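A quick write-up on the structure given underneath.
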Amino acid sequence: MANYNLAVIGAGPGGYVSAIRATQLGMKTVIVEKEFWGGVCLNVGCIPSKCLLEDTHLLYELNNSAERGIKTKGLEVRWEEIQMRKEKVVKQFTEGVQFLLKKNGVDMKIGSARFVDSGRLKIISPAEHEAEVSADFFLIATGGRPAELPHIKIDHEFVIDSTDALSLKEIPKKLLIIGAGAIGLELGSVYARLGSEVVNVEIMPECLPGTDKEIAGALRRELEKQGLKIHLDSKVDEVQMKGKGLTVKVSGKFNGEISADKVLLSVGRVPNTENLGLERAGVNVEKRGFILVNENFQTSSPNIYAIGDVIGGKQLAHKASYEGECAVEIMAGHKPYLHRPIAGVVYTSPEVASVGLSEDEAKEKGLNIKVGKFLFRANGRALSMNAPAGLAKVIANRDTDEVIGVHILGPYAGELIAEAVMAMTLGASLEEYQLAVRAHPTLSEALREASLSSEKRAIHKVD
Ligand code: FAD
């Protein structure tokens with residue numbers, strides 16, 4: 001039986017990054033992947049969804065360019081070619097991950113891994129061959145999959161999940177999406193731009209639950225202008241097959257029936273923890289199946305660590321990677337800087353990007369805060385881009401002067417948030433954040449103006 005310092009289960013952004021970091025630290029490492037190198041993120045998540053979002057954003061811009069003096073004629077959407085480009089990008093990245101693992105000397109095994117006990121893994125290959133490996137440490141990075149509802153099952157034809165929605169053969173005329181979280185709004189935007197009638201039904205009082213309410217509400221109004229219908233405080237009770245289509249019964253703030261060709265179930269994700277033999281290894285899970293870990297990502301079995309979507313919290317690729325790096329460094333006896341701020345981005349148009357506490361969260365914690373805002377319609381770069389919608393919002397602790405939250409709805413918010421992440425990682429005070437001079441004309445000026453506005457001293461705004 002082969003023996004390793006570390007055995008990683010799952011080659012998503014959590015697992016493959018951990019394996020590479022482990023070999024950099026001199027650990028003899030094996031990684032086991034059952035389905036796809038690069039995990040959900042590269043194969044059926046972040047990357048393919050962003051390809052579709054980018055291409056359909058271009059379409060939307062061209063369709064709406066007349067007001068900028070650019071009239072287009074005879075625009076044609078070749079859905080198959082859009083899909084082919086997406087597949088090409090995915091292939092490039094998944095091959096890239098395999099190349100990196102190989103070059104770093106990680107042993108790569110294809111198969112499904114299961115604990116025999118807390119020191120051994122059984123690997124069952126796709127051809128049903130069994131092998132065992134032992135290791136000093138294990139890292140569980142098995143991620144998750146789309147959640148189902150007890151009364152609505154995914155059949156992958158009429159009721160679909162996000163993976164199906166990324167590769168539909170045809171653009172549906174009517175798409176009903178259960179959920180208005182990040183994935184539901186991103187995929188809703190893709191199909192609305194392609195001409196589908198899109199309706200999102202969300203049980204919560206606002207879209208993007210967990211996001212700063214003001215930002216989420218402002219995004220919803222923008223998406224509604226783009227043609228998405230979003231029913232809040234409403235729940236889907238039943239999906240019925242009627243003739244060739246579906247009838248969806250909805251109750252709550254919206255009460256009635258909606259017809260659809262496809263229903264996309266986008267109500268969160270559940271962890272991949274079944275069939276891992278966790279009981280045999282002494283690894284505890286909570287009631288929804290997420291693996292319980294301490295602040296060092298260590299499970300109830302001391303030599304077994306877990307990171308990424310399988311431990312819950314924000315389900316984001318970069319969170320999984322960062323946690324993996326930390327866990328491996330801890331195994332190697334290092335003391336990484338834990339609990340760094342993690343930004344979340346929603347790639348709608350405009351984009352949403354946030355880091356740190358929302359205004360409500362800060363108030364719930366009883367913090368004495370100051371809040372500054374700045375609208376992109378007063379920002380030179382945003383106007384020249386014809387992208388005036390949205391705002392930047394900076395929240396600081398009045399007692400300590402620390403920047404504790406930055407929230408953006410606007411063009412390239414996902415890129416802009418990096419400066420706030422940097423500031424918060426370095427523990428910047430509001431004063432330091434205000435001192436940094438941004439280039440003109442750039443979108444980043446809106447962030448500085450927002451930070452100044454929290455003290456009523458923004459220049460291009462009357463507070
Ligand atoms: P995963 O990526 O889920 O990888 C787990 C891997 O483990 C899989 O490859 C699986 O096959 C393997 N595995 C499972 N069980 C076993 C076993 N027993 N043996 C061997 N291998 C096993 N996040 C972002 O940050 N930005 C985005 O823009 C974004 N967009 C998204 C869009 C969509 C449509 C979806 C679905 C998700 C998106 N996410 C995004 C979320 C992101 O994909 C996940 O947070 C991320 O992939 C989690 O990484 P992970 O390594 O924890 O798990």
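Quick grid of which residues meet (1) at positive phi; (2) in contact with an Asp or Glu (Cβ under 8 Å, 6 or more places away or on another chain):
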site: 120; (1), (2): no, yes
site: 125; (1), (2): no, no
site: 128; (1), (2): yes, no
site: 133; (1), (2): no, no
site: 137; (1), (2): no, no
site: 150; (1), (2): no, no
site: 163; (1), (2): no, no
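Within the range 71-105, how many residues are touching a helix residue (DSSP H, G or I) at 6+ places or on another chain (Cβ under 7 Å) and within 26 Å of residue 26 (Cβ to Cβ)?
Filtering the range 71-105 down to residues touching a helix residue (DSSP H, G or I) at 6+ places or on another chain (Cβ under 7 Å) leaves 72, 75, 77, 82, 85-86, 89-90, 93-94, 97, 100-101, 104-105.
Of the ones still in play, those that are also within 26 Å of residue 26 (Cβ to Cβ) are 97, 100-101, 104-105.
Matching residues across the range 71-105 total 5.
Among the numbered conditions (1) open to solvent by 20 Å² or more (accessible area, probe 1.4 Å); (2) assigned to a loop (DSSP other than H, G, I, E, B), tell me where residue 114 comes up short.
Among (1) open to solvent by 20 Å² or more (accessible area, probe 1.4 Å); (2) assigned to a loop (DSSP other than H, G, I, E, B), the lone unmet condition for residue 114 is (2).
Quick one: is residue 15 free of Cβ contacts under 8 Å to residues at least 60 places away in the same chain, crowded, with 23+ Cβ neighbours inside 10 Å and within 15 Å of the ligand (Cβ to nearest atom)? Before the answer, list the steps.
Values: free of Cβ contacts under 8 Å to residues at least 60 places away in the same chain: no; crowded, with 23+ Cβ neighbours inside 10 Å: yes; within 15 Å of the ligand (Cβ to nearest atom): yes.
Criteria not met by residue 15.
Would you check if there is a residue in the range 135-145 being farther than 30 Å from residue 2 by Cβ and not aliphatic (A, V, I, L, M)? Even if it seems obvious, please write down each step before you answer.
Of all residues in the range 135-145, those farther than 30 Å from residue 2 by Cβ come to none.
The answer is no, given that none of the residues of the range 135-145 is farther than 30 Å from residue 2 by Cβ and not aliphatic (A, V, I, L, M).
Of the residues that make up the range 228-240, is at least one within 16 Å of the ligand (Cβ to nearest atom), within 30 Å of residue 85 (Cβ to Cβ) and open to solvent by less than 10 Å² (accessible area, probe 1.4 Å)?
Pass one, the range 228-240, residues within 16 Å of the ligand (Cβ to nearest atom): none.
Looking through the range 228-240, none of the residues is within 16 Å of the ligand (Cβ to nearest atom), within 30 Å of residue 85 (Cβ to Cβ) and open to solvent by less than 10 Å² (accessible area, probe 1.4 Å).
For residues in the range 328-349 being farther than 19 Å from residue 425 by Cα and small (Gly, Ala, Ser), which is farthest from the ligand (Cβ to nearest atom)?
Here the answer is 333.
What number of residues within the range 153-202 are in contact with a strand residue (DSSP E or B) (Cβ under 6 Å, 6 or more places away or on another chain), buried (at least 24 other Cβ atoms within 10 Å of the Cβ) and assigned to a loop (DSSP other than H, G, I, E, B)?
1
How many of the residues making up the range 297-321 are within 16 Å of residue 343 (Cα to Cα), of a type in the set (A, V, I, L, M, F, W, C) and either away from the ligand (no atom under 12 Å from the Cβ) or crowded, with 24+ Cβ neighbours inside 10 Å (or both)?
1
Name the residues in the range 275-296 that are within 12 Å of the ligand (Cβ to nearest atom) and without any contact (Cβ under 8 Å) to a residue 40 or more places away in the chain, would you? Can you show your working first?
Going through the range 275-296, the residues within 12 Å of the ligand (Cβ to nearest atom) turn out to be 275-278, 290-291.
Once the filter is applied, which keeps residues that are within 12 Å of the ligand (Cβ to nearest atom) and without any contact (Cβ under 8 Å) to a residue 40 or more places away in the chain, the range 275-296 yields only 290.
Output the residues belonging to the range 227-245 that are of a type in the set (A, V, I, L, M) and assigned to a strand (DSSP E or B). Talk me through it step by step, then tell me what you get.
Step one: list which residues in the range 227-245 are of a type in the set (A, V, I, L, M), which gives 228, 230, 232, 236, 239, 241.
Across the range 227-245, the qualifying residues are 230, 236, 239, 241.
Which numbered condition trips up residue 139, out of (1) over 26 Å from residue 327 (Cβ atoms); (2) modelled with pLDDT of 95 or more?
Residue 139 satisfies all of (1) over 26 Å from residue 327 (Cβ atoms); (2) modelled with pLDDT of 95 or more except (1).
Could you please find all residues in the range 322-343 being open to solvent by 20 Å² or more (accessible area, probe 1.4 Å), within 20 Å of the chain's Cα centre (by Cα) and touching a residue at least 24 places away in the same chain (Cβ under 8 Å)?
Of everything in the range 322-343, those that are open to solvent by 20 Å² or more (accessible area, probe 1.4 Å), within 20 Å of the chain's Cα centre (by Cα) and touching a residue at least 24 places away in the same chain (Cβ under 8 Å) turn out to be 325, 339, 340, 341, 342.
Go through (1) within 12 Å of the ligand (Cβ to nearest atom); (2) under 25 Å from residue 396 (Cα atoms) for residue 358 and report which single condition fails.
Every listed condition holds for residue 358 apart from (1).
Residue-by-condition table, conditions (1) surrounded by fewer than 18 Cβ atoms within 10 Å (Cβ to Cβ); (2) away from the ligand (no atom under 13 Å from the Cβ):
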site	(1), (2)
2	yes, yes
22	no, yes
26	yes, yes
35	yes, no
44	no, no
61	yes, yes
71	yes, yes
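Name every residue in the range 384-443 that is of a type in the set (Val, Ile, Thr) and either open to solvent by 30 Å² or more (accessible area, probe 1.4 Å) or without any contact (Cβ under 8 Å) to a residue 24 or more places away in the chain (or both), in order of residue number.
Step one: filter the range 384-443 for residues of a type in the set (Val, Ile, Thr), giving 394-395, 400, 403-404, 406, 408, 417, 421, 425, 437, 442.
Once the filter is applied, which keeps residues that are of a type in the set (Val, Ile, Thr) and either open to solvent by 30 Å² or more (accessible area, probe 1.4 Å) or without any contact (Cβ under 8 Å) to a residue 24 or more places away in the chain (or both), the range 384-443 yields 400, 421, 425, 437, 442.
Of all helices (runs of 4 or more DSSP H) completely enclosed by the range 9-102, which ones contain at least 2 residues that are under 18 Å from residue 318 (Cβ atoms) and in contact with a Gly (Cβ under 7 Å, 6 or more places away or on another chain)?
By residue number, 15-24, 39-44.
All but one of (1) more than 14 Å from the ligand (Cβ to nearest atom); (2) closer than 19 Å to residue 35 by Cβ hold for residue 94; state the number of the condition that does not hold.
(1)
Just to check your reading of the model, which residue among 31, 47 is in contact with a strand residue (DSSP E or B) (Cβ under 6 Å, 6 or more places away or on another chain) and modelled with pLDDT of 95 or more?
On the way: 47 fails: in contact with a strand residue (DSSP E or B) (Cβ under 6 Å, 6 or more places away or on another chain).
Every option except 31 fails the conditions.
Do we have residue 118 as in contact (Cβ under 8 Å) with a residue 12 or more places away in the chain and within 28 Å of residue 303 (Cβ to Cβ) here? Break it down into steps so the answer makes sense when it comes.
Numbers: in contact (Cβ under 8 Å) with a residue 12 or more places away in the chain: yes; within 28 Å of residue 303 (Cβ to Cβ): yes.
The answer is yes for residue 118.
The values are calculated or read from the model by the stated rules, or taken from the named source; none is laboratory data. Because the structure is predicted, anything quoted here is derived from the model rather than measured. Methodologically, a virtual Cβ is constructed for each residue, glycine included, from the backbone with ideal geometry; neighbour enumeration extends over all protein chains shown. For the accessible areas, the whole protein counts, side chains as well, though only heavy atoms, and no ligand, DNA or RNA atoms are used. Shrake-Rupley method; radii C 1.70, N 1.55, O 1.52, S 1.80 Å.
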